[in-house]
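Reading through the structure tokens given below for one structure.
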Amino acid sequence: MSVTASEARQRLFPLIEQVTADQTAVEIVSKKGTAFLVSADEYHSLKETVHLLRSPVNAGRLRESLAEVADGAVHRSGGHSFHRTTAVSGAHSQPLSGDPAG
């Protein structure tokens with residue numbers, strides 16, 4: 001959604017409620033520039049993502065993790081992530097290191 005700065009000024013509180021409820025951004029356009037209104041949760045999430053991706057090592061680990069999930073090597077159960085492994089007795093699941101279940 002895009003609004004002018006004048007519209008944003010007139011509708012500020014409903015816009016805050018909207019971005020908080022929907023987790024969507026509102027583009028605010030003015031002659032002086034464009035800005036975005038986002039919820040605090042979305043803002044902190046974006047800041048954390050930028051921080052994590054700033055490190056090439058972290059970015060690589062995140063890419064590897066996403067690939068493992070896409071390949072089915074990792075699954076979630078009961079709020080925990082598990083890495084699929086193979087043992088002599090057959091396939092079983094083992095909690096990922098650092099996972100609260102492990």
- Item | Selection from the range 19-40 of residues that are surrounded by 12 or more Cβ atoms within 10 Å (Cβ to Cβ), in contact with a strand residue (DSSP E or B) (Cβ under 7 Å, 6 or more places away or on another chain) and either part of a helix (DSSP H, G or I) or β-branched (Val, Ile, Thr) (or both) | Val19, Val26, Ile28, Val29
- Task: Scan the range 4-15 and give yes if some residue there is modelled with pLDDT under 95 and β-branched (Val, Ile, Thr), otherwise no.
- Result: no
- Selection over the range 7-39 where residues are of a type in the set (Gly, Ala, Ser) and in contact (Cβ under 8 Å) with a residue 12 or more places away in the chain yields a count of 4
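The values are calculated or read from the model by the stated rules, or taken from the named source; none is laboratory data. This structure is a prediction, so every number in the text was calculated from the model and none was measured. Counting neighbours? That spans all protein chains shown, and the Cβs are built from the backbone with ideal geometry, glycine included.
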